[in-house]
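Peer 1: My structure is below; once you've seen it, I'll send some questions.
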Amino acid sequence: MEAPPVTMMPVTGGTINMMEYLLQGSVLDHSLESLIHRLRGLCDNMEPETFLDHEMVFLLKGQQASPFVLRGRRSMDRTGAPWHLRYLGQPEMGDKNRHALVRNCVDIATSENLTDFLMEMGFRMDHEFVAKGHLFRKGIMKIMVYKIFRILVPGNTDSIEALSLSYLVELSVVAPAGQDMVSDDMRNFAEQLKPLVHLEKIDPKRLM
Amino acid sequence: MGVTCVSQMPVAEGKSVQQTVELLTRKLEMLGAEKQGTFCVDCETYHTAASTLGSQGQAGKLMYVMHNSEYPLSCFALFENGPCLIADTNFDVLMVKLKGFFQSAKASKIETRGTRYQYCDFLVKVGTVTMGPSARGISVEVEYGPCVVASDCWSLLLEFLQNFLGSHTPGAPTVFGNRHDAVYGPADTMVQYMELFNKIRKQQQVPVAGIR
């Protein structure tokens with residue numbers, strides 16, 4: 001007997017299933033300033049927040065066809081911040097009317113020996129990158145505008161090179177399962193960013 | 001947290017686990033220690049599923065996932081002689097997602113529960129170690145709050161332990177090891193509990209008459 005999909009089950013075994021709702025788009029470097037300016041106006045009033053993060057993606061290969069993916073992220077500019085371990089499930093297929101990409105997500109704050117521990121568990125690092133950019137918030141919505149950098153020498157975050165001449169823009173919300181009205185709010189907010197950036201639901205499988 | 005020593009108190013001759021715990025707690029109360037609530041440390045064992053082993057060519061490792069009521073929002077995951085990860089409680093949710101790769105040995109869930117006593121700068125926790133319905137032993141944890149460097153206060157801790165445990169005083173915990181000047185942390189306490197639980201698991205079960 002199959003368990004009902006995670007989106008319909010707010011609570012499983014005593015813990016709340018959290019879902020990540022995501023919309024993505026991009027802007028060329030020269031349009032960054034105008035986008036930041038508009039976001040500063042639309043979003044919650046706070047000191048402009050920038051971030052510099054190093055993310056590593058780990059895979060655990062088993063007999064199953066698809067390996068288990070975990071993402072470990074650490075802040076390079078905030079000392080003392082915990083490392084962030086994230087699991088993202090497969091995107092929930094279903095309602096074509098749903099405006100955002102929805103997937104199960106588990107976020108865990110960990111100590112600094114995360115890499116050693118994952119290796120001990122049997123995970124192997126698949127790839128890594130550096131993300132540098134700006135962070136905005138509007139209520140429960142998080143808007144990130146950042147540039148991805150390729151790491152030239154594995155493990156050395158000092159020698160990095162930009163992957164493209166653009167910035168990735170992500171609008172995301174992490175909310176308990178079953179709250180589909182969240183994607184409506186996201187779409188309304190995305191409308192306000194047009195025509196500077198077009199945020200849409202991008203299915204990662206179609207890119208591969 | 002301050003430097004902590006976790007040890008096992010053998011069950012007294014001709015007495016049950018519960019009676020020995022009562023003997024210890026009465027001794028503490030006579031010393032003047034103040035009861036301050038309860039504590040619980042539990043440990044679940046996971047092993048790498050057979051399906052993952054083939055591709056790695058290594059013997060299955062045991063991973064312990066532990067919780068300590070002293071740190072209610074944290075979860076400790078460790079390998080014997082390996083790293084100890086400190087994470088938040090969502091780690092348990094992640095272990096559910098990893099069901100296909102790591103199997104929980106349900107029968108080996110072990111925990112210790114008991115009372116916390118504060119005696120000046122010492123925090124003493126005496127607990128009954130249980131596996132399922134049966135009591136398997138007694139754990140004694142003593143923490144000296146003000147100091148975080150093992151080599152600076154081990155002799156003081158030892159003196160207190162001798163006063164309280166008498167001939168059952170343990171030697172210096174292996175976590176103190178060679179790094180005498182390293183700062184002591186909660187992960188070190190969890191490693192001590194893991195070693196204690198493993199020792200108790202291997203011991204003969206306490207005779208039936210003793211459990212009551």
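The values are calculated or read from the model by the stated rules, or taken from the named source; none is laboratory data. Because the structure is a prediction, the values reported are computed rather than measured. Because the Cβ atoms are built from the backbone with ideal geometry, glycine has one as well, and the counts that use them run over all protein chains shown.
For every residue, the table says whether it meets (1) surrounded by fewer than 16 Cβ atoms within 10 Å (Cβ to Cβ); (2) away from chain B (no Cβ under 11 Å); (3) more than 20 Å from the chain's Cα centre (by Cα).
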position: A:80; (1), (2), (3): yes, yes, yes
position: A:89; (1), (2), (3): no, no, no
position: A:102; (1), (2), (3): no, yes, no
position: A:107; (1), (2), (3): no, no, no
position: A:122; (1), (2), (3): no, no, yes
position: A:127; (1), (2), (3): yes, yes, no
position: A:149; (1), (2), (3): no, yes, no
position: A:152; (1), (2), (3): yes, yes, yes
position: A:156; (1), (2), (3): yes, yes, yes
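Peer 1: Let me ask something else. Examine the stretch B:94-105 for a residue that is away from chain A (no Cβ under 12 Å) and at pLDDT below 95, and state whether such a residue exists.
Peer 2: Yes, the conditions are met somewhere in the stretch B:94-105.
Peer 1: Quick check on my filter: what residues within the stretch A:53-77 are surrounded by 14 or more Cβ atoms within 10 Å (Cβ to Cβ) and either assigned to a loop (DSSP other than H, G, I, E, B) or over 14 Å from the mean Cα position of the chain (by Cα) (or both)?
Peer 2: Matches in the stretch A:53-77: A:58, A:59, A:60, A:61, A:62, A:67, A:68, A:75, A:76.
Peer 1: OK, next. Restricting to the stretch B:138-157, count the residues that are surrounded by 16 or more Cβ atoms within 10 Å (Cβ to Cβ) and part of a helix (DSSP H, G or I).
Peer 2: Summing the residues that are surrounded by 16 or more Cβ atoms within 10 Å (Cβ to Cβ) and part of a helix (DSSP H, G or I) in the stretch B:138-157 gives 4.
Peer 1: Let me ask something else. Please state which of the following conditions residue A:190 fails to meet, knowing it meets all the rest: (1) surrounded by fewer than 19 Cβ atoms within 10 Å (Cβ to Cβ); (2) assigned to a helix (DSSP H, G or I).
Peer 2: Going through the list (1) surrounded by fewer than 19 Cβ atoms within 10 Å (Cβ to Cβ); (2) assigned to a helix (DSSP H, G or I), residue A:190 breaks only (1).
Peer 1: Do any strands (runs of 3 or more DSSP E) lying entirely in the stretch B:13-125 carry at least 3 residues that are under 15 Å from the mean Cα position of the chain (by Cα) and more than 26 Å from residue A:83 (Cβ to Cβ), and which ones are they?
Peer 2: It comes to B:34-48, B:110-119.
Peer 1: Here's something else I'd like to know. So is residue B:88 modelled with pLDDT of 90 or more, within 10 Å of another protein chain (Cβ to nearest Cβ), more than 25 Å from residue A:62 (Cβ to Cβ) and surrounded by fewer than 18 Cβ atoms within 10 Å (Cβ to Cβ) or not?
Peer 2: So residue B:88 fits the description; yes.
Peer 1: Follow-up. Please state which of the following conditions residue A:32 fails to meet, knowing it meets all the rest: (1) more than 18 Å from residue A:146 (Cβ to Cβ); (2) surrounded by 15 or more Cβ atoms within 10 Å (Cβ to Cβ).
Peer 2: For residue A:32, the failing item is (1).
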